[in-house]
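**Student:** Quick one: the structure is below, and I'll ask about it shortly.
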Amino acid sequence: MRRVLDNIRGHHFYNCLGPDSVVVDLGAYRGDFACRISEKYGCRVYAVEASPDAFEQLPMSDLVSKHHYVVSNQTGRVRFYPGTNPEGSSIFSSHKHATNQWVDVGSITLVEFMGRQGIDHIDLLKLDIEGAEVDLLEDLDLEVLQRIDQITVEFHDFMQELNIVGRVRAVKKRLHKLAFFTLVCMRPNKDVLFVNRSTNKIPLLRLIWDVTRYRVYTLISRSPWVNAQVIALVRRWGLFL
C-alpha cells in the first residue's frame with residue numbers, strides 16, 4: 001500500500017494501520033476519532049477520556065474500549081475542570097474554557113496505562129488533552145518513545161492563559177533529536193504529527209517530501225503577495241496538502 005497522510009477529525013497520520021495495529025486516543029471526547037479510525041482500518045483503539053459526561057457518551061465496540069482517566073505525568077487524583085465548551089475541559093484552572101467547578105478524577109501516566117492494558121507497542125498515539133500534552137511528552141523517556149510509531153498532537157500553545165509556548169517549542173526539539181520527523185499540518189501547532197524514523201514504516205523520501213511540502217504551503221499561505229484564491233487552489237489541487 002502506498003503510504004500517504006490521512007486526516008480524521010483534524011489529526012493527520014500515515015495510513016500504515018491495519019487489524020494488528022494499536023491506537024491510543026487520549027482526549028477521546030465522545031469517540032468520533034476512535035470510532036472512525038477503528039471502522040476504517042479495523043485497528044484496536046483504547047479511548048481515554050477524563051470528562052465524566054463525555055465518558056458516559058463514549059461508545060464501545062469489539063474494537064473500541066473506553067477508559068476514564070486523566071493521562072499525564074502524574075499518578076493519583078487530580079482536579080478536572082469541566083469547560084464552558086465541552087471539548088475544552090482540562091486539568092488546568094487557567095484554561096480559557098475552565099469553570100470554577102471541578103471534579104476529582106484518577107490520573108495515571110502513559111507508561112502505567114500501557115502496563116495495565118498489556119500494551120507493548122503503540123502504532124498511533126493521539127493527543128488532544130487541552131494543555132496536558134506538554135507534561136506528558138516532557139515526561140516520556142526514550143525507551144517508551146521507541147515503542148510508538150506515530151504521535152498526532154493538538155498543542156494548545158495558542159492559548160495564552162496556559163503559558164506553554166516555550167515548552168511546546170522545547171518538546172518539538174526534543175522529539176526531533178530523538179529520531180522523530182515533525183510535520184506541522186496546521187499552524188500554530190494545532191495539528192502536529194511526529195513520525196518515528198527508526199520504525200522504517202514510512203519511506204524516507206516520502207517523509208522528506210511531506211515535511212517539505214507543508215513548509216512550502218506555510219510560506220505560501222503567509223505571503224502577503226498571495227491571495228486567498230491562490231491558496232484555495234493549492235489546497236484543492238492537493239499540491240501541498
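The values are calculated or read from the model by the stated rules, or taken from the named source; none is laboratory data. Owing to the predicted nature of the structure, the values given are computational and were not obtained by experimental measurement. All Cβ positions, even for glycine, are placed from backbone atoms using ideal geometry, and neighbour counts span all protein chains on display.
**Student:** Consider Ile164 against the criteria (1) within 17 Å of His11 (Cα to Cα); (2) in contact with a helix residue (DSSP H, G or I) (Cβ under 8 Å, 6 or more places away or on another chain): it satisfies all of them except one. Which criterion is unmet?
**Tutor:** Of (1) within 17 Å of His11 (Cα to Cα); (2) in contact with a helix residue (DSSP H, G or I) (Cβ under 8 Å, 6 or more places away or on another chain), only one is false for Ile164: (1).
**Student:** Does Asp157 qualify as being more than 12 Å from the chain's Cα centre (by Cα), outside any helix (DSSP H, G or I) and surrounded by fewer than 14 Cβ atoms within 10 Å (Cβ to Cβ)?
**Tutor:** no
**Student:** Got at least one residue in region 49-66 being at pLDDT 90 or above, acidic (Asp, Glu) and in contact with a helix residue (DSSP H, G or I) (Cβ under 6 Å, 6 or more places away or on another chain)?
**Tutor:** yes
**Student:** Right, here's the next one. Restricting attention to region 176-200, and to residues there that are modelled with pLDDT under 85 and either loosely packed, with under 15 Cβ neighbours inside 10 Å or acidic (Asp, Glu) (or both), which single residue is nearest to Leu140 (Cα to Cα)?
**Tutor:** Checking each candidate, the answer is Asn200.
**Student:** Would you be able to say whether some residue in region 225-238 is surrounded by fewer than 15 Cβ atoms within 10 Å (Cβ to Cβ), at pLDDT below 85, more than 21 Å from Asn15 (Cα to Cα) and in contact with a helix residue (DSSP H, G or I) (Cβ under 9 Å, 6 or more places away or on another chain)?
**Tutor:** Taking every residue of region 225-238 in turn, at least one turns out to be surrounded by fewer than 15 Cβ atoms within 10 Å (Cβ to Cβ), at pLDDT below 85, more than 21 Å from Asn15 (Cα to Cα) and in contact with a helix residue (DSSP H, G or I) (Cβ under 9 Å, 6 or more places away or on another chain).
**Student:** For Asp135, state whether it is farther than 17 Å from Gly27 by Cβ and either among the acidic types (Asp, Glu) or not assigned by TED's automatic domain parsing to the domain that holds Leu193 (or both).
**Tutor:** Here the answer is no, as Asp135 does not meet what is asked.
**Student:** Among residues belonging to region 160-212 that are hydroxyl-bearing (Ser, Thr, Tyr) and part of a helix (DSSP H, G or I), point out the one that is farthest from Lys126 (Cα to Cα).
**Tutor:** Ranking the candidates gives Thr212 first.
**Student:** Which residue out of Val64, Val24, Val4 is closer than 30 Å to Leu204 by Cβ and surrounded by 22 or more Cβ atoms within 10 Å (Cβ to Cβ)?
**Tutor:** Of Val64, Val24, Val4, the one residue that is closer than 30 Å to Leu204 by Cβ and surrounded by 22 or more Cβ atoms within 10 Å (Cβ to Cβ) is Val24.
**Student:** Tally time: how many residues in region 50-71 are in contact with a Lys or Arg (Cβ under 7 Å, 6 or more places away or on another chain) and either closer than 19 Å to Ile119 by Cα or free of Cβ contacts under 8 Å to residues at least 24 places away in the same chain (or both)?
**Tutor:** 3
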